[in-house]
Amino acid sequence: MNAMATSGPRVLLRRLHDVMAGPGDVQSRLDQIVRAIAANMVAEVCSVYFMREDVLELVATEGLNPEAVHKTTLNMGEGLVGLIAQQARAVALSDAQSHPNFAYRPETGEEVYHSLMGVPILRAGRVIGVLVVQNRTMRDYADEEVEAMQTIAMVLAEMADAALRPTADAPAPAPAADLPFRMSGLTLNEGLARGVIVPHEPLVVVEHHVAQNIEVEKRRMDQGLDELRLQIDGLLSTATPGGEPTEILQTYRMFANDRGWITRLYEAVETGLTAEAAVERVQVDTRARMSQVTDAFLRERLHDLEDLANRLLRHLTGRVVTAAFETLPEDAIIVARNMGPAELLEYDRSRLRALLLEEGTPASHVAIVARALQIPVIGLLDGLLDRIGPGDTVLVDADNGQVFVRPGDDVRHAFEQNLSLRAAQEAEYASHREEPAVTRDGTRVRLNINAGLLVDLPQLDETGADGIGLYRTELHFMVRASLPNITTQAEFYGRVLTQANGRPVVFRTLDVGGDKVLPYLRRYDDENPAMGWRAIRLALDRPVLLRMQLRALIKAAAGHELNVMFPMIAEVAEFAAAKALLDLEVARWSRLDEPSPSRIRVGTMLEVPSLAWQLPALLPMVDFVSIGSNDLMQFLFASDRGNPRLSGRYDVLSPAALSFLRDVVRRCDAAGVAVSLCGEAAGHPVEAMALIGLGLRDISMTPAAVGRVRVMIQSLDLPPLRQFMTTLYDSPSRSVRDRLLAFAEEKGVAI
């Protein structure tokens, strides 16, 4: 049994607390602390490094050369200490000198020490230092020792502020002027916004880590968890039944009652921590485990757990009120390190203009909900919270992933012009929403929207769209904690059809797998998720899941037309297998003598190029084909659309892509099979113009794009465009975008 396990962490925590509260200056107390830790951990060396001006400075040591204190520094990522700080993760090595990151500092005299264990010192979720122990022998550190060191590091964080106060040798840097600056991030939802910074919440900083009475802390944890559950139940009681917010909050309630999470909280209290320090301790453990997980879905669920933990911390510290419950300024730009979707739903949408996140990804729950609510969002704005303050003016260009903080007059003026222009354009688009999309020569084009959540459906009326060309059913599954049964699914699909009010809805069956993993399905790692075990491949291998969904769709569509579309069909045999399952469910339903759909149409997405060479065999079997331009272009050019290095390298307006699409449209038209296109290409006027020119008459896009595409169509004379397009297909250019733009300008097309 190791030394730490024998003596237990409580004794050491109590001793450290007494030293920190005792007499003497900061340096003398730090010196006592490293001696106490070294003795308790049976280590020859214990050292503490704190961050000062972006470098790690050795501030105290037992065992290394004392002359190195305040002289030895390491950059983030430099040496093992820098690696621990950079990755915010513990390291335990029996032979540290053989590690490629080992960096020798001759002034420290550490060459005689072989084993090393180090943990990050965190405050409010950020690395502020590193705690290290070393031994002469090649020692294997036990997991219990690593956990004990992490607990000790939390207590050490309390000393950071005092230890890093300016001294004669290290004066404080001059305060930075409140100068304008610009940051670039990842667009999670497009849009423009201006307003003032409102921090979502100052992260709860735990001030007291060492418990005075373990039983009192357990009772405080009991009370905090009870209040957390009551808060979630209160949110659930005000949410619209059956909607996505309800599903998300039910997931939160499941997490709040998770026995594993609760057990870890009480175990941390047993080590001698206060209730709030125990929550922080479990947060650190969860982040460390999740940072090593490659599964995108699991990483995103960490954000939901972070939300819960932060809520619990607020209850424990009495800081329950956040910006969401206060009166927001008229133009609020919410800024957060990250945010759970439930927190976003708490804000007054009439005053919320945009959301800025230091973290965040397109697959996160908060991004999905923000897109449905049409809130511009930019993520991956690393370090933003350190550079802004409440009330700062900010301009958000989420179209291009740009944030302008405290902008100068020239930037502000240019942005105001863009906002005014966009507002005028939106007003112009809205004035045409009751009009059909008809070209000047009388050709009708159907404009549909892509949707995936119930909160998307009001956009049908607001945009005047003809219907829903792509309903992504997987989003309803992704925001739930468990697999919805047939009745639940049917009720949901029924609400979609009812709110569509007679307009056609094309339901795409589950496109999950790869990087869109459901929490209640077994996960498989794919080296290339986009081309892995997903969509129809998963559905055919798990036919019960697909049959449940098809049965629910048939039940929901009683009296309505039902349009079912299968995703990622790579060969006709896959479509035939999927349609056979649909036929089985239709036959089963007819035997029950229940109300049936007025008509059932079945189609396929064309995303995998191989299917285009089987169209003669496919077309007699389908009622419609929908071209999925996003995945099709990815597979056509072997270009990962999520790879920033390939962004813009290939263009849907290339001769190759246009020729491919023209051939598909011609074959479908010749066979009398309806063909449409859904994807980003349909939502940009110049791309939409080219799609119409090559023969498409049915396109589906984001709701925000419908107005501008309609106005473009109404300004278009189709015969000259068709003639012009014939000159493009054999071009050797990588893109014909400039030629299409020139045509639009010459002909007065509203691009």
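The values are calculated or read from the model by the stated rules, or taken from the named source; none is laboratory data. Because the structure is predicted, anything quoted here is derived from the model rather than measured. Heads up, the Cβs are rebuilt from the backbone with ideal geometry, glycines too, and the neighbour counts pull from every protein chain shown.
Residue by residue, here is whether (1) within 22 Å of residue 120 (Cβ to Cβ); (2) surrounded by 19 or more Cβ atoms within 10 Å (Cβ to Cβ); (3) of a type in the set (D, E, K, R); (4) at pLDDT 85 or above holds:
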{"position": "152", "(1), (2), (3), (4)": "yes, yes, no, yes"}
{"position": "170", "(1), (2), (3), (4)": "yes, no, no, no"}
{"position": "182", "(1), (2), (3), (4)": "no, no, yes, yes"}
{"position": "198", "(1), (2), (3), (4)": "no, yes, no, yes"}
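Out of 354, 367, one residue alone is at pLDDT below 80 and not hydroxyl-bearing (Ser, Thr, Tyr). It is 367. Can you tell me how many residues within the stretch 704-718 are within 17 Å of residue 468 (Cβ to Cβ) and surrounded by fewer than 20 Cβ atoms within 10 Å (Cβ to Cβ)? Residues that pass the stated criteria total 1. Just one of the numbered conditions (1) without any contact (Cβ under 8 Å) to a residue 60 or more places away in the chain; (2) assigned to a helix (DSSP H, G or I); (3) under 30 Å from residue 467 (Cβ atoms) is not true of residue 425: (1). For the stretch 106-122, taking the residues that are assigned to a loop (DSSP other than H, G, I, E, B) and in contact (Cβ under 8 Å) with a residue 40 or more places away in the chain, the one that is surrounded by the most Cβ atoms within 10 Å (Cβ to Cβ) is identified as 113. Residues in the stretch 425-445 that are under 32 Å from the mean Cα position of the chain (by Cα) and of a type outside the set (S, T, N, Q): 426, 427, 429, 430. Go through the stretch 60-85 and report how many residues are within 21 Å of residue 152 (Cβ to Cβ) and in contact with a Gly (Cβ under 8 Å, 6 or more places away or on another chain). Total meeting the criteria: 7. Evaluate the following for residue 523: is it modelled with pLDDT of 90 or more, among the charged types (D, E, K, R) and part of a loop (DSSP other than H, G, I, E, B)? Criteria not met by residue 523. When residues in the stretch 704-751 are screened for being in a helix (DSSP H, G or I) and aromatic (Phe, Trp, Tyr), 2 of them pass. When residue 98 is tested against (1) of a type in the set (Gly, Ala, Ser); (2) in contact with a helix residue (DSSP H, G or I) (Cβ under 9 Å, 6 or more places away or on another chain); (3) farther than 20 Å from residue 12 by Cα; (4) at pLDDT below 90, exactly one condition is not met: (2). Here the strands (runs of 3 or more DSSP E) wholly within the stretch 52-105 that include at least 2 residues being aliphatic (A, V, I, L, M) and assigned by TED's automatic domain parsing to the domain that holds residue 121 are 55-62, 91-93. Which one is surrounded by the fewest Cβ atoms within 10 Å (Cβ to Cβ) among residues in the stretch 437-446 that are within 19 Å of residue 719 (Cβ to Cβ) and in contact with a strand residue (DSSP E or B) (Cβ under 9 Å, 6 or more places away or on another chain)? Residue satisfying both the conditions and the ranking: 444.
Would it be correct to say that residue 411 is under 31 Å from the mean Cα position of the chain (by Cα) and crowded, with 16+ Cβ neighbours inside 10 Å? Give the derivation first.
On the way: under 31 Å from the mean Cα position of the chain (by Cα): yes; crowded, with 16+ Cβ neighbours inside 10 Å: no.
So residue 411 fails the test.
Among the residues of the stretch 313-337, write down those that are within 22 Å of the chain's Cα centre (by Cα), under 27 Å from residue 258 (Cβ atoms) and modelled with pLDDT of 80 or more. Once the filter is applied, which keeps residues that are within 22 Å of the chain's Cα centre (by Cα), under 27 Å from residue 258 (Cβ atoms) and modelled with pLDDT of 80 or more, the stretch 313-337 yields 336, 337.
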